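These notes are about the structure you will find just below.
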Amino acid sequence: MKLGAFSISLAVKDLQVSKTFYEKMGFTVFAGEMERNYLIMKNGNSLLGLFQGMFENNILTFNPGWDENAQTLDAFDDVRDIQKALKKNGVALTSEADETTSGPASFMVMDPDGNTILIDQHV
């Protein structure tokens with residue numbers, strides 16, 4: 001199963017303070033907008049999402065169909081196929097993608113320690 005680009009999405013208290021901190025660690029803004037309360041930052045192949053006021057806890061995020069530069073991959077496992085495989089493997093979902101659709105969709109699972117995992121396809 002190919003999950004696509006990986007990033008961690010952090011629920012931050014102050015977007016500007018977090019941006020400045022991660023810039024000191026060598027990250028640069030890759031996407032997002034301060035005015036919309038989120039930034040995606042990048043350092044090499046590492047992706048870090050900073051989100052202020054959007055969710056309470058940190059989230060592990062996978063983007064099927066994208067590489068770490070948000071470029072569409074020629075071949076990838078569709079989010080609905082990943083969802084079906086996880087369900088078949090007995091993984092409980094906390095939200096589901098509509099399996100009758102195509103294109104962008106997402107679903108979420110919770111790991112055994114309570115960490116949220118978002119599978120979020122944009123293509």
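Details
- With all protein chains in place and a 1.4 Å probe, the accessible surface of the chain carries 50 percent carbon and sulfur.
- Among beta bridges that DSSP assigns inside the chain, antiparallel share in %, nearest 5: 75 percent
- Hydrodynamic radius (Kirkwood) for region 30-87, which is based on Cα pairs only, to one decimal in Å: 13.3 Å
- FRET efficiency estimate (nearest 0.05) - Cβ-Cβ, ALA75 to ASN37, R0 35 angstrom: 0.55
- Its DSSP H runs of at least 4 residues, each contributing -39,500 (n - 2.57), put the calculated 222 nm mean residue ellipticity of the chain at -5000 deg cm²/dmol, to the nearest 500.
- Förster radius 22 Å - calculated FRET efficiency between THR101 and MET1 (Cβ-Cβ, nearest 0.05): 0.65
- Reachable lysines from LYS42, criterion Cα separation under 30 angstrom, eight or more residues apart if same chain: LYS2, LYS13, LYS19, LYS24
- Extension reserve of the LEU93-GLU23 stretch, reckoned as 0.36 nm per residue once the Cα distance is removed: 21.7 nm
- For region 1-62, the Rg and Dmax computed from alpha carbons only, in angstrom: 11.3, 37
- In summary, the chain shows an alpha-carbon radius of gyration equal to 1.09 times the 2.2 N^0.38 Å reference for compact globular proteins.
- Pairwise Cα inverse-distance average, inverted: Kirkwood Rh of region 71-123 (Å): 11.7 Å
- Looking at the chain, the accessible area is 59 square angstrom per residue; that uses a 1.4 Å probe and ignores ligands, DNA and RNA.
The values are calculated or read from the model by the stated rules, or taken from the named source; none is laboratory data. Just so we're clear, the structure is a prediction, and the values are computed from it rather than from any experiment. A quick note on method: Cβ atoms are made from the backbone with ideal geometry, for glycine too, and the neighbour counts reach across all protein chains shown. The accessibility values were calculated without ligands, DNA or RNA, using every heavy atom of the protein model including side chains. Shrake-Rupley method; radii C 1.70, N 1.55, O 1.52, S 1.80 Å.
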